[in-house]
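One structure below.
The values are calculated or read from the model by the stated rules, or taken from the named source; none is laboratory data. Everything quoted here is computed from the prediction, not taken from an experiment. Here the Cβ is made from the backbone with ideal geometry for all residues, glycine too, and neighbour counts use every protein chain on show.
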Amino acid sequence: MSVILQIETATTSCSVALAVDGKVVAFKQINERNIHAEVITLFIDELVASANLTYDNLDAISVSSGPGSYTGLRIGVSTAKGLCFALDKPLIAIETLEAMAYGIIHGDDFTVDEDVLLCPMIDARRMEVYCALFDVHGQKVRSTSADIIDEHSFAEELNKHRIIFFGDGADKCEATLGANPNAQFLPGFVNSATFLTHKAAEKFDKKEFVDVAYFEPYYLKDFIAGKKAL
């Protein structure tokens, strides 16, 4: 039996889940900016207690590794690494966009056709998003990148496939890309630690762990601090 604690803080959603043998048994989540540091350890304590487990019962910690919010990623990864060090447990890292795609593929609320492509998008700034393309089996068909979206974005792929755009980055792109009949936008998508479940179980079985001491989040871009208003 595998018991994996899953942590997702790469976007506005602060989410933790507990999975046993690849099945989510409990999760807590709040979708609100700048609250991750305040609630994440509380959520984890409540989650473990609600499942009648102790921290020693955990077999591994899984974390969403980015790209995404610089601050959110630092909080999530630091929390995961701290638990791994304290409990002497392995760390599983899963790219955020990949986890989002698996959230659609393995979700109960949405069915995708074989020739559809999935495009998870995370808001960066202005018209820039972190994005990638996946087929319906979760295979990446276009590399993760930080793209400035205009009317020509994804033109080649949209000529051949219907693409489902989702995530907080997709919301601001609908006006630019939505005129294409092959572009479909999925409203109300909220990122979740439950989306880590499939890959976390797979990596645990294969013992695909990262080095806790040296692992860093996948920021994709350097952090640029904003200036305070005078």
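Is it the case, given these coordinates, that Phe43 is in contact (Cβ under 8 Å) with a residue 40 or more places away in the chain and either on the phi > 0 side of the Ramachandran plot or not in a loop (DSSP other than H, G, I, E, B) (or both)? Give the steps one after another, and end with the answer.
Numbers: in contact (Cβ under 8 Å) with a residue 40 or more places away in the chain: no; either on the phi > 0 side of the Ramachandran plot or not in a loop (DSSP other than H, G, I, E, B) (or both): yes.
Spelling it out, it is not the case that Phe43 is in contact (Cβ under 8 Å) with a residue 40 or more places away in the chain and either on the phi > 0 side of the Ramachandran plot or not in a loop (DSSP other than H, G, I, E, B) (or both).
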Q) What number of residues within region 196-217 satisfy the criterion of being of a type in the set (Ser, Thr, Tyr) and surrounded by 10 or more Cβ atoms within 10 Å (Cβ to Cβ)? A) 1
Q.
For Tyr130, only one of the following conditions fails: (1) surrounded by 24 or more Cβ atoms within 10 Å (Cβ to Cβ); (2) under 20 Å from Lys203 (Cβ atoms); (3) in contact with a Pro (Cβ under 9 Å, 6 or more places away or on another chain). What is its number?
A. (2)
Q. Quick one: Asn34 ticks every box in (1) modelled with pLDDT of 95 or more; (2) within 20 Å of the chain's Cα centre (by Cα); (3) more than 22 Å from Asp211 (Cβ to Cβ) bar one, so which box is it?
A. (1)
Q.
Every residue in region 50-104 that is assigned to a helix (DSSP H, G or I), free of Cβ contacts under 8 Å to residues at least 60 places away in the same chain and more than 19 Å from the chain's Cα centre (by Cα), please.
A. Ser50, Tyr55, Asp56, Asn57, Gly82, Ala86, Leu87
Q: List the helices (runs of 4 or more DSSP H) that sit entirely inside region 122-230 and contain at least 1 residues that are within 30 Å of Leu47 (Cα to Cα) and either hydroxyl-bearing (Ser, Thr, Tyr) or over 14 Å from the mean Cα position of the chain (by Cα) (or both).
A: 197-206
**Q.** Residue identified as surrounded by 17 or more Cβ atoms within 10 Å (Cβ to Cβ), within 18 Å of Ile105 (Cβ to Cβ) and of a type in the set (Asp, Glu) among Asp168, Asp135
**A.** Asp135
Q) Is there any pair with a first residue in region 12-38 that is in a strand (DSSP E or B) and a second that is among the acidic types (Asp, Glu) whose Cβ atoms are under 6 Å apart and which are 6 or more apart or on different chains, and what are they? A) Ser15/Glu8
Q) If you check Ile149, Ile163, which single one turns out to be crowded, with 18+ Cβ neighbours inside 10 Å and under 16 Å from Val116 (Cβ atoms)? A) Ile163
